[in-house]
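The values are calculated or read from the model by the stated rules, or taken from the named source; none is laboratory data. These figures come from a predicted structure and were not determined experimentally. Quick reminder, even Gly has a Cβ in these numbers, built from the backbone with ideal geometry, and neighbours come from all protein chains shown. To get the accessible areas, we keep the full protein, side chains included, count just its heavy atoms, and leave off ligands, DNA and RNA. Shrake-Rupley method; radii C 1.70, N 1.55, O 1.52, S 1.80 Å.
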Amino acid sequence: MKISRRNLLLGSAAATAAPGLAGLLASDAGIELPKRRSGGSSLWQKIGDGVPALPSLQQSQTADICIVGGGYTGLCAAIYLKKIQPSLRVLVLESHQLGAGASTRNSGAVYAKFTSIDDQDFAEQGLQHFKNFLRDESINCDFQPANTLYLYEDNSEYKTAQNNQKSTEQWIVGDKLKQGIASDFYAAAKVGRGFYKLNPAKLLSEYRRIALEYGVEVYENTPVLGVNDKGSSLDVQTSIARVSCAKVLLATNAYTPRLGYVASKVYPVHQYSCASDKLSPAQIRQFALDKWDLRFEPNILPITFGLSTTGHFFLRVVLGYASDNSTEWKDVSYARELVHKYFYQRYPQLRDVGLPNEWHGVTAHTISTQSIASLVDYEQGGKIYFCGAYNGLGIMPSHFSAYLTARKIVGIEDPAWHSLSRLSQQLSFPPDYYRSLMLKGSFNLLNSL
């Protein structure tokens, strides 16, 4: 029987792992100081218009709320805090440049879904809130509907998926599919509904603009080294200065364990992406990207293909976990080989086009795959919040979670807040000694099949 990435369970490699292997794992503990992100800049960053750099924090400050992390979540939360209470002094501290993490390294897909939350009304509420924000703030991020396919490699996968779906689902199978998308790789596809896409870097740039217009104080290249509770206030220590504040929001997603927080609940997962040069209209029609511009292979380790809003054909592949919650991926040559192999297996005609763009990213995950919006320090009086772990497809969840968290921070009880999970509801992961054995082995095995 064929074994695929889809039906091999995570953790299968752990059963054969020996404790002695832990000695082979490279240590990479401690806070990540500013340096070039592994894998280079994303396509979205390269083709963007660029924005002036913001200053780093040079002198100690006092604020009402300090937000650590300048991606989608941090900037959104800051915007809403100022919208709700304009008198608040809100500081955002970013260790690199704004959006240097997942916020400019994602696929740009938007969908009404919170992973592992079955309340579709809640997800639709989040999507509508996001769309209203784009409209009300006149945001230009190339937001548009996306026509989506879920693709299945062989008939057994197709039959299994079909048996678990509603009879009203639309399917494309066999030669009709192969001819329709100019690929012999797939046996069947299911038509997806309700997806949108946007330009991730443009969205980030617009968040930046709005935050500054509302009076948020934003500092780049300011890594936070720790947060100390002084009783009446929190002391946020950076590499140069300090911030004294009443509350802190950790909007650091996959990088949060590097700060020493939520490491037992959250772990980083690495992805690698590649993209062609901008395709011609004829090439877009050849591969039916004008008809189906977003394509998912819903494996255990999902594969995402898409036509960007800029006309580039891209692929994103999940790599796995690195030791000690590292947010750097050491073996870029392996990642490059993997994404090129997957791309040309499916679309060999594009070998002549080439894949000159490639970049690395990392997202935070939980065992339950649920997003988290929660207090971190229940015992210390509730001053530190964490918002993150979106487990992929996080543009809408990050926005809505940040909005609900901002309301919670200022004391507004929103019923929707209770639909988000808390740290106390998340299963704890074993220490990194065993985590690395299980996750690294499993991910490597899945990517080798």
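The set of residues in segment 128-143 that are among the hydrophobic types (A, V, I, L, M, F, W, C) and in contact (Cβ under 8 Å) with a residue 12 or more places away in the chain comprises Phe130, Phe133, Ile139, Cys141, Phe143.
Across segment 234-252, what is the total count of residues that are outside any loop (DSSP other than H, G, I, E, B) and either over 25 Å from Tyr72 (Cβ atoms) or open to solvent by 40 Å² or more (accessible area, probe 1.4 Å) (or both)? Please lay out each step first, then the result.
Filtering segment 234-252 for residues outside any loop (DSSP other than H, G, I, E, B) gives 234-238, 242-250.
Still in the list and also either over 25 Å from Tyr72 (Cβ atoms) or open to solvent by 40 Å² or more (accessible area, probe 1.4 Å) (or both): 235, 237, 242, 244, 246-247.
Going through segment 234-252 one residue at a time, the tally reaches 6.
Among residues of segment 289-313 that are open to solvent by less than 30 Å² (accessible area, probe 1.4 Å), those with a beta-carbon under 7 Å from a residue that is of a type in the set (Ser, Thr, Tyr) and not in a strand (DSSP E or B) at least six positions away or on a different chain give the pairs Ile303/Tyr342; Thr304/Ser107; Gly306/Ser107. Among the residues of segment 394-405, is there at least one that is in a helix (DSSP H, G or I), surrounded by 15 or more Cβ atoms within 10 Å (Cβ to Cβ), at pLDDT below 80 and not acidic (Asp, Glu)? Looking for residues that are in a helix (DSSP H, G or I), surrounded by 15 or more Cβ atoms within 10 Å (Cβ to Cβ), at pLDDT below 80 and not acidic (Asp, Glu), one finds none in segment 394-405, hence no.
Can you tell me which of Ser333, Ser424, Ser368 is free of Cβ contacts under 8 Å to residues at least 12 places away in the same chain, surrounded by fewer than 20 Cβ atoms within 10 Å (Cβ to Cβ), at negative phi and among the polar types (S, T, N, Q)?
Working: Ser424 fails: free of Cβ contacts under 8 Å to residues at least 12 places away in the same chain; Ser368 fails: free of Cβ contacts under 8 Å to residues at least 12 places away in the same chain.
The conditions single out Ser333.
So which strands (runs of 3 or more DSSP E) stay within segment 170-224 end to end and still have 2 or more residues that are within 26 Å of Leu393 (Cα to Cα)?
Details: elements: 171-173, 188-197, 217-219.
Counting at least 2 such residues, we get 171-173, 188-197.
Determine, yes or no, whether Ile67 is part of a strand (DSSP E or B) and either touching a helix residue (DSSP H, G or I) at 6+ places or on another chain (Cβ under 7 Å) or open to solvent by 10 Å² or more (accessible area, probe 1.4 Å) (or both). Walk me through how you get there before you give the answer.
Numbers: part of a strand (DSSP E or B): yes; either touching a helix residue (DSSP H, G or I) at 6+ places or on another chain (Cβ under 7 Å) or open to solvent by 10 Å² or more (accessible area, probe 1.4 Å) (or both): yes.
Judged against the criteria, Ile67 is a match.
Per-residue answers, yes or no, for (1) open to solvent by 30 Å² or more (accessible area, probe 1.4 Å); (2) farther than 17 Å from Leu393 by Cβ; (3) in contact (Cβ under 8 Å) with a residue 24 or more places away in the chain; (4) outside any helix (DSSP H, G or I):
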position	(1), (2), (3), (4)
Ala77	no, yes, yes, no
Asp121	yes, yes, no, no
Gly126	no, no, yes, no
Pro145	yes, no, yes, yes
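Condition test on Lys265, is it touching a Leu at 6+ places or on another chain (Cβ under 8 Å) and either in contact (Cβ under 8 Å) with a residue 40 or more places away in the chain or surrounded by fewer than 16 Cβ atoms within 10 Å (Cβ to Cβ) (or both)? Answer is yes for this residue.
Scanning for something open to solvent by 20 Å² or more (accessible area, probe 1.4 Å) and assigned to a helix (DSSP H, G or I), does segment 86-103 turn up at least one residue? Yes, some residue in segment 86-103 is open to solvent by 20 Å² or more (accessible area, probe 1.4 Å) and assigned to a helix (DSSP H, G or I). Entry remark, segment 206-233: residues being crowded, with 23+ Cβ neighbours inside 10 Å and under 23 Å from Thr310 (Cβ atoms) number 1 in total.
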